[in-house]
Amino acid sequence: MPPPFLFLQTGAGVLATTMITTLDRSSRAVARGLSDISIRNLFIIPTVLFLIVFNIFPLIYSLGYSFTDFRASTNAPANFVGLQNYRDLLNDPYVWSNFAITAKYVIISVAGQLLVGFGVAMLLNRDIPLKGLITTLLLLPMMLSMAVVGLFWKLLYDPSWGVINYALGLGNFEWLADPKMALYAVALTDIWMWSPFVMLLSLAGLSAVPKHLYEAAAIDRAGPFYTFFRITLPLVAPILMIAVIFRTMEAFKTFDLAYILTSQPTAELISIRLYKMAFQEWQTGRSCALAYIVLIMVLAITNIYVKYLNKVKER
Amino acid sequence: MAAVRTSSEIGFNRIAIVAVLVVTIIFLAPIYWIASTAFKPRNLATTIPPTVVFQPEISPFVKLFTKRSQMRSPPSPEEYAAAPWWERVVFDGGEKIVRDGKDQVQWSGYPSRFLNSLIIAITSTVLAVGMGTFTAYGFSRFKVKGEADLLFFILSTRMLPPVVVAIPMFLMYRAVGLNDSHIGLIILYTAFNLSFSVWLMKGFMDEIPKEYEEAALVDGYTRMEAFFKIVLPEAATGIAATAVFCFITAWNEYAFALIMTNRRAQTAPPFIPSQVGSGLPDWTVIAAGTFLFLLPVAIFTFLLRNHLLRGMSFGAIRK
């Protein structure tokens, strides 16, 4: 069964469990106050219902619209068009190019974050004065608003008076207005913002490597490369994997940063295409269909991510 | 690392320390630049080469909060002398503060957006953390059928791209008149943060030994009393960390706010970039707005520093 249906099914399952356990409660003798089962229901059910109403119901609503030619900008009633929207989207080279751009963006930015983040973590993984303060300072970028970060990187990227061109001696180099460069510029900002996240996870992984392994390697006169590839990397790999999946998912969803930084078609990520289709061209029905295609992809990655999280948790 | 430190290792350590310093400076430079631009006079904000040393000014912040208009001619000396300090700094930039018929200073759009951000972020945080704490306790202490599926369902609602959820929400809100309302955004952010707060709080709850409540139950407490009097105080640090994370997420959120609001309930993230517009923006004012907006997050990052890893990994990885 495809993920979204599984997803809806779980929602329905919860409702059923609710009813069963409510019946169940009356048959139980209540000693003092509320029974454990009723407390459990009281604590869990409102949250699940809230999420069903505000997360699942809208998705059912948009699934319905994805089979119509509805346009939210007009009062014309929606006509049922079957799978037409999906067929059109999958045959639209424009949409495919948006997916290709997104894939390229994900690869560049996640690879960059992995290299920078892990590299900095390796540097930081030793006795360094003010290590705590430095780590906290390095974590600052990822806590900031992506929209506002995009805005001030625009200032930094400015070709004539931007600090980046001045610092690197690039003259009037175009970052955001050049169709070839725009996507790299967005990825670079994303790398600046999110390398600290990979660094944070890597540091946790590195500090968990047992010291006696390094001591044993030193006694065996193992070289630094051997130590790194045979001891450090394999032990940190699971946690790095978490960082990679999580960042892949987030980079795939990127909207704010790219939307604010540039309007180049060469940097039009899939979520920007989706936004334009829905709220600028007002092709509501079609955008709902595209949203569903994106949703299935995201849920697939989420599934892998959660499996991995649980695996690492069990270690 | 190794038991015996060779001289080459100590040398490498020194190089690493220098490298760390360089990296830190590079990472902080953009933030420093925006903070310093917020205190520059307008003519120094976009100079070639960039101005690094300057006399800091407060005028960008005065301009940020007030509505201004260009002046054709400079103010008369009497007018200038009679003006309070905050009006003089605006005069110095060749502008004047717009006043209404009753001579009241007109505010810019910024303070109301900032206030909207505060109201919406705080309310949704309280709701999400409140509900999340109860639910996390439920999942942590009781057997729930299909627990793993339910937890995945709860988390997956957060993983969806905002635009995907925003399309149907926009249509539904339009039908019930919740577009551009505080309540509308509060509901959205609560739903968004709730899943996160359940996951994070469950981790914190799992760490509180069950024996604490069991002892209380033996002493004649009801389960509810045990929860409020024993578990909640124990979970206080976790609740605080979760709340700060939820606050930051709601505070920073852009896509929903862009789509769902346009004026009345607009928050700061869509408002600040919209000020750039076309023509020549006053970057000092934009930087001032950005600086004030980022300040609370910077402070919270310091307060949260020991919980960051945990929060970012949904409670899966603990230090």
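Read the figures in this text as sums done on the coordinates, not as results from a lab. Model, not experiment: these values are computed from the prediction. Don't worry about glycine lacking a Cβ; one is built from the backbone with ideal geometry, like all the others, and counts go over all protein chains shown.
Values for this structure:
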{"quantity": "Simple label model, 7 Å out from Cα along Cβ direction - A:Ser263 to A:Met241, nm", "calculated": "4.4"}
{"quantity": "Computed FRET value (nearest 0.05) for B:Lys210 with A:His212, which takes r as the C-beta separation and R₀ as 35 Å", "calculated": "0.55"}
{"quantity": "18 Å reach of a label modelled at B:Arg174, 7 Å along Cα-to-Cβ, counting backbone N of region A:65-101", "calculated": "A:65-80"}
{"quantity": "Most positive-pole-ward Cα, B:Ser73, B:Gln106, B:Gly93, against dipole of region B:67-106 from beta carbon charges", "calculated": "B:Gln106"}
{"quantity": "Which listed pairs, of B:Lys145/B:Lys229; A:Lys311/B:Lys202; B:Lys202/B:Lys229; A:Lys211/B:Lys202, have C-alpha distances above 23 Å, in listed order", "calculated": "B:Lys145/B:Lys229; A:Lys211/B:Lys202"}
{"quantity": "Per-residue mean of C-beta atoms belonging to partner chains within 10 Å, peptide B:294-301", "calculated": "3"}
{"quantity": "Relative contact order computed over chain A (Cα-Cα under 8 Å; 6+ residues apart), in percent", "calculated": "27"}
{"quantity": "Cα-based Rg of region B:67-106 normalised by 2.2 N^0.38 Å, two decimals", "calculated": "1.08"}
{"quantity": "Anisotropy class of chain A from Cα gyration tensor, a/c 1.5 cut", "calculated": "oblate"}
{"quantity": "For residues of A:82-88, the mean tally of beta carbons on other chains within 10 Å", "calculated": "0"}
{"quantity": "Global geometry of region A:94-148, whether rounded, prolate or oblate, following the gyration tensor of its Cα atoms and the 1.5 cut on a/c", "calculated": "oblate"}
{"quantity": "Estimated FRET transfer efficiency (A:Ser35, A:Ala78; beta-carbon r; R0 45 Å; 0.05)", "calculated": "0.40"}
{"quantity": "DSSP H segments from chain B that extend 27 Å or more along their own axis, Cα-based, with Kyte-Doolittle mean of -1.0 or above", "calculated": "B:7-37, B:110-141, B:182-207, B:283-304"}
{"quantity": "Inter-probe distance in nm under a simple model that places probes 7 Å from Cα toward Cβ, at B:Val98 and A:Phe173", "calculated": "4.1"}
{"quantity": "Chain lengthening between B:Phe302 and B:Lys67 when straightened (0.36 nm per residue, less Cα-Cα)", "calculated": "81.2 nm"}
{"quantity": "Dipole of region B:139-236 [Lys/Arg +1, Asp/Glu -1 at C-beta], most positive-end residue of B:Thr190, B:Ile154, B:Tyr173", "calculated": "B:Tyr173"}
{"quantity": "Max mean-square fluctuation residue, GNM over chain B, Cα-Cα springs under 10 Å, options B:Pro111, B:Pro233, B:Pro50", "calculated": "B:Pro50"}
{"quantity": "Shielding score for B:27-36, defined as the mean number of other chain Cβ atoms within 10 Å", "calculated": "6"}
{"quantity": "About the Cα centre, charge dipole magnitude for region B:67-106 (Lys/Arg +1, Asp/Glu -1 at Cβ), debye", "calculated": "180"}
{"quantity": "Above-threshold pairs, the threshold being 18 Å between Cα atoms, out of B:Lys143/B:Lys210; B:Lys67/B:Lys102; A:Lys307/B:Lys210", "calculated": "A:Lys307/B:Lys210"}
{"quantity": "Proximal lysines to A:Lys154, defined as alpha-carbon separation beneath 22 angstrom and excluding residues fewer than eight positions away on the same chain", "calculated": "A:Lys104, A:Lys180, A:Lys253, A:Lys276, B:Lys40, B:Lys63"}
{"quantity": "Fewest-first ranking of B:Glu79, B:Glu211, A:Glu250, using other Cβ atoms within 10 Å as the exposure measure", "calculated": "B:Glu211, B:Glu79, A:Glu250"}
{"quantity": "Sorted by Cβ density within 10 Å, fewest first, the residues A:Asp69, B:Asp92, B:Asp100, A:Asp190", "calculated": "B:Asp100, B:Asp92, A:Asp69, A:Asp190"}
{"quantity": "Hull shadow area, averaged, the protein assembly as shown [alpha-carbon convex hull, nm²]", "calculated": "36.1"}
{"quantity": "11 Å beta-carbon shell around A:Asp88, net charge (K/R +1, D/E -1)", "calculated": "0"}
{"quantity": "In order through region A:227-238: 3J(HN,Hα) via Karplus (6.51 cos²θ - 1.76 cosθ + 1.60), integer Hz, x for Gly, Pro", "calculated": "4, 5, 7, 9, 10, 4, 4, x, 7, 8, 3, x"}
{"quantity": "Inter-label distance for B:Glu225 and B:Thr51, nm, one decimal - labels placed 7 Å from Cα along Cα-to-Cβ", "calculated": "6.8"}
{"quantity": "Options A:Leu213, A:Ile242, A:Leu257, ranked by Cα towards positive dipole end of region A:164-261, top entry (Cβ charges)", "calculated": "A:Leu213"}
{"quantity": "Shape category assigned to region A:33-140 from the gyration tensor of Cα positions, a/c cut at 1.5", "calculated": "oblate"}
{"quantity": "Ellipticity estimate at 222 nm from DSSP helix runs (n ≥ 4, -39,500 (n - 2.57)) divided over the protein assembly as shown, nearest 500", "calculated": "-22500 deg cm²/dmol"}
{"quantity": "Built amide H within the under 5 Å cut-off of A:Thr68, gap 5+", "calculated": "A:Val81"}
{"quantity": "Principal axis box of chain B, alpha-carbon based, largest edge first, Å", "calculated": "82, 72, 40"}
